[in-house]
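The values are calculated or read from the model by the stated rules, or taken from the named source; none is laboratory data. Every value quoted in this text rests on a predicted model; they were computed, and no experiment measured them. As a convention, Cβ positions derive from the backbone with ideal geometry for all residues, glycine included, and neighbour counts pool all protein chains shown. To get the accessible areas, we keep the full protein, side chains included, count just its heavy atoms, and leave off ligands, DNA and RNA. Shrake-Rupley method; radii C 1.70, N 1.55, O 1.52, S 1.80 Å.
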Amino acid sequence: MTGTQATSGAEFIALLEELARELAPDGPAVDDFLLRWAAVLPGEATGEPGWPGLGRQVVAALGAPPTGGAEPARGRFEEPEVDSRDGLHALLVALAADFVEMGVWDVARCAGDLGVLAGGSTRVPGSPFELEPVTWGSVAEQLLAARVYE
C-alpha cells in the first residue's frame, strides 16, 4: 500500500496499521518520526493535505533518514497556531521536543484513537473539532490529542 491510496479515513487507518506491522518493533522512536515528518513536509505552504497528502507524508517520513532525535523541550510546551504547512512543521518540532522531555506518548493508543474514523465518523468523541476535510489544522488537532491522552 502507498500513501497515495489513502483517500478516506478508513484507508488512512489501514495504511497506519500496515506500516505498524511492517515497522514493529524496530520502527523509529516517536521524536525521530516527528522530526522526519517535519523534514519531508511538502514545500508548498498553501493548500490542504487531504487523506492522500497525509498518507504520502507519513510514508515519506518513515523512509527519511534518521534525525538523531530531538533535544528535550526544557520548558512549557508552546502550541503553535497551525493553519499551514509551516505551522504543522513548527508543531511537529515542538511535539518531538515535548516527547523527549515527557516521554509519555503511547503511539499504539494514538493510532487506535485515529481508528474512530474507520467507522465513518468525522468527529473525535468528546472533541469539538472536525477531521473532515483533512486540513493542516485537523492534523494538528489529532497530534495534540495524542499528546494530551497520555
Just one listed residue, out of 28, 52, 65, is in contact with a Lys or Arg (Cβ under 7 Å, 6 or more places away or on another chain), more than 19 Å from residue 144 (Cβ to Cβ) and open to solvent by 30 Å² or more (accessible area, probe 1.4 Å), and it is 28
Exercise. Condition test on residue 84, is it more than 30 Å from residue 26 (Cβ to Cβ), open to solvent by less than 50 Å² (accessible area, probe 1.4 Å) and modelled with pLDDT under 85?
Worked result: no
* Would the stretch 91-105 turn up any residue that is within 15 Å of the chain's Cα centre (by Cα) and modelled with pLDDT under 85? -> yes
Taking the stretch 20-76 and the residues there that are touching a Gly at 6+ places or on another chain (Cβ under 9 Å) and of a type in the set (Lys, Arg), the one that is nearest to residue 101 (Cα to Cα) would be 36
*asked:* open to solvent by 40 Å² or more (accessible area, probe 1.4 Å), modelled with pLDDT under 85 and more than 23 Å from residue 90 (Cβ to Cβ): is that true of residue 6 in this structure?
replied: no
### Message
Quick check on residue 96: is it among the hydrophobic types (A, V, I, L, M, F, W, C), open to solvent by less than 20 Å² (accessible area, probe 1.4 Å) and more than 24 Å from residue 9 (Cα to Cα)?
### Response
yes
Note on the stretch 14-23: residues closer than 17 Å to residue 63 by Cβ and open to solvent by less than 70 Å² (accessible area, probe 1.4 Å) are 15, 16, 18, 19, 20, 23
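Could we say that residue 67 is assigned to a loop (DSSP other than H, G, I, E, B), of a type in the set (S, T, N, Q) and at pLDDT 85 or above here?
yes
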Within the stretch 35-49, the residues that are modelled with pLDDT of 85 or more and open to solvent by 70 Å² or more (accessible area, probe 1.4 Å) are 39
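Looking for whichever is within 14 Å of the chain's Cα centre (by Cα) and assigned to a helix (DSSP H, G or I) here; the options are 14, 61. Which one fits?
Only one candidate qualifies: 61.
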